[in-house]
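Readers should treat all values here as calculations from the given coordinates under stated rules, not as data from a laboratory. Source: prediction; values computed, not measured. Please note: Cβ atoms are built from the backbone with ideal geometry, for glycine as well, and neighbour counts cover all protein chains shown.
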Ligand code: CA
Ligand code: CA
């Protein structure tokens, strides 16, 4: 099976990136990923800040990109997450003085958590891990987008429903799609509120398929995620208002493209569509709109 090593990494998603590997429509590929620190933090929690300043490490690297034969602008790229394996430890930093914790000062700390047994211990609590992919996306058509930034190409969406067994459709903007992923988290609540997930590294096994003309025909305008019997439109923007609107517009158009009449679609959404915040800490806010698949 094709495996892309973690040394084949990018810090921008871009049409001009050279593919790290090529595959056929329907292939299964393993992406070996670094954590978001690109290895700058050791399993003892020691952060090589000097090396970081000197540019030794990438910010939030993604492994890839993978060129998928036959993927063209206007198509969607379907990515099925078949398996995620991670190392047995993760690291978290602190979020004092930033975002929702802007009014709080505190010690900056890098803390390592071991979770080989599938549980992470904090305080007196043992919490089961729930491994997810923070960064996953295709190349945008326009300017390169840093891998720390989420947008309609995907990227740093930090959506905790991107787990083993999920499937995501991305609108393809450039030939080959140029899929990349990284930034695995062993555990993260909706919002990633204190700045970090439980940051880790590992291997993702994914099957890629091209869905022809899906952007128009199936209204795949934003990353569209299937998980746990639900379909979710995931959208990112500078403000909460815009992110919410984009996620809802994508869901509404998804319903219209599947034969729902306009008023029924809106009313159904008021009845059964749930909104959730994916993350509030990246350069753009990410939200998702969710509906039961069997209603559509
Ligand atoms: Ca992230
Ligand atoms: Ca992260």
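Would you give the gap between the C-alpha center of the range 1-61 and the C-alpha center of the range 145-159, rounded to a whole Å?
Cα centres, the range 1-61 to the range 145-159: 15 Å.
For the chain, find the longest principal axis of its Cα atoms and tell me its angle to the long axis of helix 240-257, 0 to 90°, nearest 10.
On a 0 to 90 degree scale, this one is about 40.
Starting from 0 in steps of 10 Å, tell me what percent of the Cα-Cα pairs of the range 139-296 lands in each bin.
Histogramming the range 139-296 at 10 Å steps yields 11, 41, 37, 11, 0 percent.
So for the chain, what are the equivalent ellipsoid semi-axes in whole Å, largest first, each being the square root of 5 times an eigenvalue of the Cα gyration tensor?
30, 23, 17
Based on a Kirkwood Rh over C-alpha pairs, give the Stokes-Einstein translational diffusion coefficient of the range 9-144 at 37 °C and viscosity 0.692 mPa s in µm²/s.
My calculation gives 184 µm²/s for D.
Add -39500 (n - 2.57) for each DSSP H run of 4 or more in the chain, then divide by its residues: what number comes out at 222 nm, to the nearest 500 deg cm²/dmol?
After summing the helix terms and dividing by the residues of the chain, the value is -3500 deg cm²/dmol.
Which of 207, 258, 288 has the fewest other C-beta atoms within 10 Å, and how do the rest follow up to the most?
Sorted ascending by nearby Cβ count, the order is 258, 207, 288.
Taking only the alpha carbons of the range 188-230, what extent do you get along each of the three principal axes, in Å, biggest first?
Sorted largest first, the three principal extents are 39, 24, 20 Å.
Note the angle between two axes, namely the Cα long axis of helix 262-272 and the longest principal axis of the Cα atoms of the chain, as a number of degrees from 0 to 90, rounded to the nearest 10.
On a 0 to 90 degree scale, this one is about 40.
What whole-number distance in Å separates the alpha-carbon centres of the range 114-140 and the range 242-285?
Taking the Cα centre of the range 242-285 as reference, the centre of the range 114-140 is 27 Å away.
Starting from a Cα-only point model with no solvent, please compute log10 I(q)/I(0) by Debye for the range 1-82 at q = 0.11, 0.18, 0.20, 0.26 1/Å.
Result of the Debye calculation: -0.38, -0.83, -0.96, -1.32.
Can you tell me, using C-alpha contacts under 8 Å and at least 6 residues apart, the relative contact order of the chain as a whole percent?
23 percent
At a 10 angstrom cut-off on C-beta neighbours, averaged per residue, how do the peptides 266-279, 81-94, 31-44 rank from highest to lowest?
Put in order of decreasing packing, that is 31-44, 81-94, 266-279.
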